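*Asks:* Here's a structure for you.
The values are calculated or read from the model by the stated rules, or taken from the named source; none is laboratory data. For clarity, every value in this text was computed on a predicted model and none was experimentally measured. Because the Cβ atoms are built from the backbone with ideal geometry, glycine has one as well, and the counts that use them run over all protein chains shown. Just so you know, the surface numbers come from the protein's heavy atoms only, side chains and all, with ligands and any DNA or RNA stripped out. Shrake-Rupley method; radii C 1.70, N 1.55, O 1.52, S 1.80 Å.
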Amino acid sequence: MMSWIDWTIVAVPLIAIAIVAYRTQKHVTSVSEFMAGGRLGGRYLVCNARGEMGMAVIGVVAAYELFYQAGFTISWWQMMTIPMGLFIALTGYVYYRYRETRAMTMAQFFEIRYSKSFRLFAGCLGFLSGLLNYGIFPAVSARFFVYFCGLPQKVHFLNLAVPTFAVIMVIYLTLALFMTLSGGQLTVMITDCIEGLLGLIMFIVIIVTLLLIFDWSQIQEAMSHAPAGKSMLNPFDIAKAKDFNIWYVLIGVFANIYGVMVWQGGHAFNSCAKNAHEAKMGAILGTWRNLAKGVMVILLAVCAITFLKHPHFAAGAAQVQEVLSKITDPQVQNQMRMPIAINFMLPIAVKGMLCSIMLFGLLACDSSYLHSWGSIFIQDIVMPLRKKTLTPKQHINLLRWAIIGVAVFGFFFSLLFRQTEYILMFFAITGAIFGGGAGSVLAGGLYWKKGTAAGAWAAMISGSGLAVTGIILQQSWQTLYPWLCKLLPNVHLIVDSPNKFPINGQYMNFGAMVTALSLYFIVSLLTCKEDFNMERMLHRGKYAVADDKVKVEFAKRWSWSSIIGIDEHFTKGDKAISVSVFSWTMFWWVVFIVVTSWNLFSPWPVSWWATYWHYYAVIIPLTIGVVTTVWFLWGGITDLHELYVDLKTYKSDATDDGTVKRAEEQVLPDNYIDSVETEEEKNVDAPKPYPGKPSGKDGV
């Protein structure tokens, strides 16, 4: 159970953050502030806020589900993605160009690039995909707090026994709504950053506590006891792993490249930076900011496994098993095993700090998701269908009602839906409803001038169709199974899977992505009649917007630095940060190549792998993380101060509401830069207008 000290540690910062949220709402007078924070976010503010959003309770529980099954082994094979992740972070792949479009939502970009009807279709799919994906957030998160805090399973209200997790859902959704409705993305961005700064300090305290309670030799002994082919330490001994294996990683590699920025949970962070360069630097800085967080999450996982499996902690493990035995749903048992163990193994005060961190992460993530799906419904479905213009106040109120609607749906869906898949598999298949087709449509629209609306329609319909089919099969499998066995008695894939659809969400997601990508490319080539005007869409050259102009500029020339994404906008400090991130990540990729080659010829014993993980996952990142914690505390506080200074002089633009007007309706606003055409531009035909041209300050 939580003590009064623990609850005090949770309550005091929460009250302070609520006060900040309440006071921030006075700065929100237009849709731009509510939707994109006025585009005033500095790199450290965006980095800290987005990092805190990534500390979602459901994400941690999902990671622990995976870790309990696979241990460190998946982490090893995920290292093969380092060059890809580095390329995305340092070059700003997709993120940079998307910010240049000044779009507030992805479907808004789709209208600019393709058509209004496609925007409506994509908006509906994105909303449906996100809503279903979010549907299990409240239940998983609420159950975490019930079991972690040692709360009773039911509470009595008006002679009724009400599940405690339902009460927790009501309480935390109310808090998340308060944060979100107060000032939209502006409030979310500020409160998430503050929560992230407080979390940085608590990470270090929790890590030190765990290192004092558990010895690494105990951790090594506990994690070494695994069946052959299902090792938790040796990544070359996982041949019998079923769901979280090498194929899971390889599909993830493809999905990470294909789906950069596709998922729209927290999409407002894609457009809230001061300019594209600040957005890019915020993404680069995330590598250093997340070191201490990564150590804490991993250390909690390995210590929980040790607590459950090592003889030294047998008494505590018995208490955990007693609680688990009272949970009848096997999927909930899997999800709550490690949170219950963490509850029993942490001392007073430290438990309160972890509860506070998880609550911060819960509010940060859910606030962003409520804002995302509610705003997508209004911006990409309702507003394009409206003919009457709304005032900023009416528009913001409409956004608020939609956000409330998402919270209500999440509550009832969580109350009624029975989850049968691992959380990560559920995410994969529900995300594919939109992401299966949107990956090709987004990247193709930003980088390929021959992409067409017909290609976009083909990709989106095929990707979402396959994903929805997969969900239906998962939910109705036990009904379909007897009929399919009679129809296909010799298909062992079906016959040997009586309880669960044999193809998991990751494989279904892969099929949707490959099909959509192929159709986008083929159909676009067949239907492209003229190249799209990319310069106008990206506000480059004579279409540039003064508010997005980066002051620091250098002569444009090719250099080796361009390989790691350094361009003319980088200061010396920016260059140093990018080089440090590149060097750090590439060092570990070289280690991956060398050690993999070594093990192919001379396999390491388990003890060597245990030592490797000790240094890789704990000692080295913790040492650096202490330094980066101070760095990001200073940077975050500085950016928060600058944000409030900027808000004093910031002028709202009522036309900056995310609507898209046709090219013939437009007049270039005053903040466009009148640039002189280059010699190259003079030698080509005048660019044809694209279907949707920027309206107002947001340029869309």
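*Asks:* Select, from Pro347, Pro330, Pro339, the only residue that is of a type outside the set (A, V, I, L, M), without any contact (Cβ under 8 Å) to a residue 12 or more places away in the chain and closer than 26 Å to Ala56 by Cβ.
*Replies:* Pro330
*Asks:* Quick check: is even one residue across segment 153-174 touching a Leu at 6+ places or on another chain (Cβ under 6 Å), surrounded by 17 or more Cβ atoms within 10 Å (Cβ to Cβ) and free of Cβ contacts under 8 Å to residues at least 24 places away in the same chain?
*Replies:* yes
*Asks:* State all residues of segment 11-35 that are assigned to a helix (DSSP H, G or I) and either in contact with a strand residue (DSSP E or B) (Cβ under 8 Å, 6 or more places away or on another chain) or polar (S, T, N, Q) (or both); if no residue qualifies, say none.
*Replies:* Thr24, Gln25, Ser32
*Asks:* If you don't mind, there's one more thing I want to ask. Could you list, in sequence order, the residues of segment 327-348 that are polar (S, T, N, Q) and either surrounded by 22 or more Cβ atoms within 10 Å (Cβ to Cβ) or modelled with pLDDT of 90 or more (or both)?
*Replies:* Gln335, Asn343
*Asks:* Still on this structure, I have one more. Can you list residue pairs whose Cβ atoms sit under 9 Å apart, with the first residue in segment 578-592 being without any contact (Cβ under 8 Å) to a residue 60 or more places away in the chain and farther than 17 Å from Gln78 by Cα and the second being among the aliphatic types (A, V, I, L, M) and surrounded by 18 or more Cβ atoms within 10 Å (Cβ to Cβ)? Count only pairs 6 or more apart in sequence or on different chains.
*Replies:* Between residues of segment 578-592 that are without any contact (Cβ under 8 Å) to a residue 60 or more places away in the chain and farther than 17 Å from Gln78 by Cα and residues that are among the aliphatic types (A, V, I, L, M) and surrounded by 18 or more Cβ atoms within 10 Å (Cβ to Cβ), the close pairs are Val579/Ile564; Val579/Ile566.
*Asks:* For segment 190-208, state whether one or more residues are free of Cβ contacts under 8 Å to residues at least 40 places away in the same chain and open to solvent by 10 Å² or more (accessible area, probe 1.4 Å). Give the derivation first.
*Replies:* The initial filter retains those residues of segment 190-208 that are free of Cβ contacts under 8 Å to residues at least 40 places away in the same chain, namely 208.
Right, trim to open to solvent by 10 Å² or more (accessible area, probe 1.4 Å) and you get 208.
Scanning segment 190-208, I find at least one residue that is free of Cβ contacts under 8 Å to residues at least 40 places away in the same chain and open to solvent by 10 Å² or more (accessible area, probe 1.4 Å), so the answer is yes.
*Asks:* I would also like to ask the following. Of all residues in segment 477-494, how many are within 30 Å of Phe254 (Cα to Cα) and open to solvent by less than 50 Å² (accessible area, probe 1.4 Å)?
*Replies:* Looking only at that region, the number is 2.
*Asks:* Hey, another quick one. Kindly indicate whether any position in segment 228-247 is modelled with pLDDT under 90 and assigned to a helix (DSSP H, G or I).
*Replies:* yes
*Asks:* Any chance segment 543-558 includes a residue that's modelled with pLDDT under 85, in a loop (DSSP other than H, G, I, E, B) and crowded, with 16+ Cβ neighbours inside 10 Å?
*Replies:* Looking through segment 543-558, at least one residue is modelled with pLDDT under 85, in a loop (DSSP other than H, G, I, E, B) and crowded, with 16+ Cβ neighbours inside 10 Å.
*Asks:* Among the residues that make up segment 106-115, is at least one of them in contact (Cβ under 8 Å) with a residue 60 or more places away in the chain and surrounded by fewer than 21 Cβ atoms within 10 Å (Cβ to Cβ)?
*Replies:* Yes, segment 106-115 contains at least one residue that is in contact (Cβ under 8 Å) with a residue 60 or more places away in the chain and surrounded by fewer than 21 Cβ atoms within 10 Å (Cβ to Cβ).
*Asks:* With the structure loaded, tell me whether Gln185 is open to solvent by less than 20 Å² (accessible area, probe 1.4 Å), polar (S, T, N, Q) and not in a helix (DSSP H, G or I) or whether it fails that test.
*Replies:* Values: open to solvent by less than 20 Å² (accessible area, probe 1.4 Å): yes; polar (S, T, N, Q): yes; not in a helix (DSSP H, G or I): no.
Spelling it out, it is not the case that Gln185 is open to solvent by less than 20 Å² (accessible area, probe 1.4 Å), polar (S, T, N, Q) and not in a helix (DSSP H, G or I).
*Asks:* I'd like to know if segment 379-387 contains one or more residues that are closer than 20 Å to Tyr147 by Cβ and either in contact (Cβ under 8 Å) with a residue 60 or more places away in the chain or crowded, with 24+ Cβ neighbours inside 10 Å (or both).
*Replies:* Within segment 379-387, not a single residue is closer than 20 Å to Tyr147 by Cβ and either in contact (Cβ under 8 Å) with a residue 60 or more places away in the chain or crowded, with 24+ Cβ neighbours inside 10 Å (or both).
*Asks:* Would you mind stating whether Val514 is open to solvent by 30 Å² or more (accessible area, probe 1.4 Å) and within 29 Å of the chain's Cα centre (by Cα)? If you could, list the steps in order and put the result at the bottom.
*Replies:* Details: open to solvent by 30 Å² or more (accessible area, probe 1.4 Å): yes; within 29 Å of the chain's Cα centre (by Cα): yes.
Against the criterion (open to solvent by 30 Å² or more (accessible area, probe 1.4 Å) and within 29 Å of the chain's Cα centre (by Cα)), Val514 qualifies.
*Asks:* Can you find a residue in segment 314-326 that is surrounded by 19 or more Cβ atoms within 10 Å (Cβ to Cβ), hydroxyl-bearing (Ser, Thr, Tyr) and farther than 22 Å from Trp609 by Cβ?
*Replies:* Looking through segment 314-326, none of the residues is surrounded by 19 or more Cβ atoms within 10 Å (Cβ to Cβ), hydroxyl-bearing (Ser, Thr, Tyr) and farther than 22 Å from Trp609 by Cβ.
*Asks:* Report those helices (runs of 4 or more DSSP H) wholly inside segment 273-349 carrying at least 1 residues which are in contact with a Pro (Cβ under 7 Å, 6 or more places away or on another chain) and within 30 Å of Arg99 (Cα to Cα).
*Replies:* Values: elements: 276-289, 291-309, 314-324, 330-345.
Per the criteria, 291-309.
Yes or no, residue by residue, for (1) touching a residue at least 24 places away in the same chain (Cβ under 8 Å); (2) open to solvent by 10 Å² or more (accessible area, probe 1.4 Å); (3) not acidic (Asp, Glu):
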residue	(1), (2), (3)
Tyr369	yes, yes, yes
Ser372	yes, no, yes
Ala407	yes, no, yes
Phe412	no, yes, yes
Phe417	yes, yes, yes
Ser440	yes, no, yes
Ala443	yes, yes, yes
Ser462	yes, yes, yes
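*Asks:* Return the residue satisfying two criteria in turn: it lies in segment 584-638 and is closer than 30 Å to Leu40 by Cα and small (Gly, Ala, Ser), and of such residues it is surrounded by the most Cβ atoms within 10 Å (Cβ to Cβ).
*Replies:* That would be Gly636.
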